[in-house]
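Down below is the structure, laid out as structure tokens.
The values are calculated or read from the model by the stated rules, or taken from the named source; none is laboratory data. Here the structure is a predicted model, which means the values were calculated and not measured. Cβ sites come from the backbone with ideal geometry, for glycine too, and all protein chains shown count toward neighbours.
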């Protein structure tokens, strides 16, 4: 019995392409620094919290033509948060850079996420281990977790573990919350003169960790291509059977980038964009009416089928829902220690919650199906957010659309039939075998992380730019983590966090989508992307996302 598939055997042999200057050798690079930076918002508060790492300049690497000295440098690496394709290659790039710089360097992987560095659970990564995980999906090499690093006790324990292993630097691979943790750790290590530096790497399939310096978060490319394949298959089925409307919820808790990119790749009939809903202050009823009108129009022309894409976080973008959820978050933060509330029946909980909400929110809460109420009151995630992946928005919309269509049928303005199928694509994309782009990009991110460490920098996020060009033209450097921060309410109090990048309604991607969506709504313009291709012409195998292509056409990189 084979332990790995023939495809995985071939992928293990793949040698990722390195970003421009990094391909010249880790011992042959020069660091240049730009002007001082500041946070995107709340500068005074952020500077006060991060006195030792705030305001650092953007970093960029170039070749020097001479070897640099490389002292022994052991590094610890942490995988933090949800999985994303390419995480193993970040570690592989970091490992290869370390061993190239000094073969005596050791890389320790902390097990189970950030808790590993606090609890002293780790393993040394070796050639034998790394060679089993190159170009593979998942985070199973060392595991991941969602423990927040924010207390003095945690930082002190992390320091003791690092000292015992002679670790001089820590690399945290994660999303916006995880890299906020990285910045807090970097600040504490610098403030206490530990000599230990901290570098982050930008991970999230949601695509909301980006700015002028971070063009794309790793995993977004692979995940959206994976979802696009599945949705293309469903569209082919819908167009074959001609009897079902498929309501498909896609990952994207705080931004609709995944939904938008997949829509551009597959051209479904309906795509909801949370940021547009919020900007237009659309109510739940207005969204349902919009969907029902498209379904009715198609049904009246004999097309009783179609595909609708729904972003995971839609419910938080609907203004009336957002207000209600914000009130619920603050309320539940107080009630989680109230034994009377915890011991109450579900019905009594609903009544208590309703009595504490303002009249508009209470009316909305009471109008929701019992199943949705229960999902809204589930335990919050470690960052105080409602667990939107557990809220079955797709089923809520199906139920409300069906009711609206029944009303339209009674009025004689809808003559079709409505049969539904509900889907949620989430985990299917988080651990897929990384695309060539993600394999290359992640390897460069990891390699570059060690270049930042080697240069003595701390509190930075590894940055690879110019990514729509061939890898030989990619630009390596680093962006200060504080540059991306602002203050936001979490668990009922204000906390420093990296600001999420939302879909820009005046940006090139949404504008392109907006030009075509009415045509896609009524006609069958489906595209069937098929599976990710790893071998063949570069025009197919190394293709980047439509989002990245359109954004970089508008915002060319200054090389």
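Filter region 463-486 for residues that are touching a helix residue (DSSP H, G or I) at 6+ places or on another chain (Cβ under 6 Å), closer than 19 Å to residue 94 by Cβ and surrounded by 24 or more Cβ atoms within 10 Å (Cβ to Cβ) and give the result. 464, 474, 476, 478, 481 - these are the residues of region 463-486 that are touching a helix residue (DSSP H, G or I) at 6+ places or on another chain (Cβ under 6 Å), closer than 19 Å to residue 94 by Cβ and surrounded by 24 or more Cβ atoms within 10 Å (Cβ to Cβ).
Is one or more of the residues making up region 62-75 at pLDDT 95 or above, closer than 25 Å to residue 162 by Cα, in contact with a helix residue (DSSP H, G or I) (Cβ under 8 Å, 6 or more places away or on another chain) and crowded, with 22+ Cβ neighbours inside 10 Å? There is at least one residue in region 62-75 that is at pLDDT 95 or above, closer than 25 Å to residue 162 by Cα, in contact with a helix residue (DSSP H, G or I) (Cβ under 8 Å, 6 or more places away or on another chain) and crowded, with 22+ Cβ neighbours inside 10 Å.
Looking at region 410-440, which of its residues are part of a loop (DSSP other than H, G, I, E, B) and closer than 22 Å to residue 79 by Cβ? Steps first, please.
Taking region 410-440 first, the residues part of a loop (DSSP other than H, G, I, E, B) are 411-419, 426, 431-435.
The answer is 426, 431, 432, 433, 434, 435.
Looking at residue 254, is it at positive phi and in contact with a helix residue (DSSP H, G or I) (Cβ under 9 Å, 6 or more places away or on another chain)?
On the way: at positive phi: no; in contact with a helix residue (DSSP H, G or I) (Cβ under 9 Å, 6 or more places away or on another chain): yes.
Taking the combined requirement at face value, the residue does not satisfy it.
For residues that are in a loop (DSSP other than H, G, I, E, B) and modelled with pLDDT of 80 or more, scanning just region 376-398, find the one that is surrounded by the most Cβ atoms within 10 Å (Cβ to Cβ). Give the steps one after another, and end with the answer.
First, pick out the residues of region 376-398 that are in a loop (DSSP other than H, G, I, E, B): 377-387, 391-392.
Pick out the ones that are also modelled with pLDDT of 80 or more and you get 377-378, 391-392.
Numbers: 377: 18, 378: 12, 391: 24, 392: 18.
By that ranking, first place goes to 391.
Regarding region 162-179, can at least one residue be identified that is in contact (Cβ under 8 Å) with a residue 12 or more places away in the chain, under 13 Å from the mean Cα position of the chain (by Cα) and part of a loop (DSSP other than H, G, I, E, B)? Yes. When every residue of region 173-187 is checked against the conditions, none turns out to be in contact with a strand residue (DSSP E or B) (Cβ under 9 Å, 6 or more places away or on another chain), surrounded by fewer than 21 Cβ atoms within 10 Å (Cβ to Cβ) and outside the structural domain of residue 422 (by TED's automatic domain parsing).
It is to be established whether one or more residues within region 189-196 are over 28 Å from residue 16 (Cα atoms) and buried (at least 21 other Cβ atoms within 10 Å of the Cβ). Looking for residues that are over 28 Å from residue 16 (Cα atoms) and buried (at least 21 other Cβ atoms within 10 Å of the Cβ), one finds at least one in region 189-196, hence yes.
Check region 191-198 and report whether any residue there is assigned to a helix (DSSP H, G or I), more than 12 Å from the chain's Cα centre (by Cα), at pLDDT 95 or above and not assigned by TED's automatic domain parsing to the domain that holds residue 252. The answer is yes; a qualifying residue exists.
Quick grid of which residues meet (1) surrounded by 21 or more Cβ atoms within 10 Å (Cβ to Cβ); (2) modelled with pLDDT of 95 or more; (3) out of contact with any strand residue (DSSP E or B) (no Cβ under 8 Å at 6 or more places or on another chain):
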{"position": "232", "(1), (2), (3)": "yes, yes, yes"}
{"position": "240", "(1), (2), (3)": "no, yes, yes"}
{"position": "245", "(1), (2), (3)": "yes, yes, no"}
{"position": "248", "(1), (2), (3)": "yes, yes, no"}
{"position": "272", "(1), (2), (3)": "yes, yes, no"}
{"position": "279", "(1), (2), (3)": "no, yes, yes"}
{"position": "285", "(1), (2), (3)": "no, no, yes"}
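Whether a residue is within 26 Å of the chain's Cα centre (by Cα), surrounded by 15 or more Cβ atoms within 10 Å (Cβ to Cβ) and in a strand (DSSP E or B) was assessed, and residue 17 does not pass this test. For region 155-172, a residue qualifies if it is touching a helix residue (DSSP H, G or I) at 6+ places or on another chain (Cβ under 6 Å) and surrounded by 24 or more Cβ atoms within 10 Å (Cβ to Cβ), and the qualifying residues are 158, 169, 171, 172.
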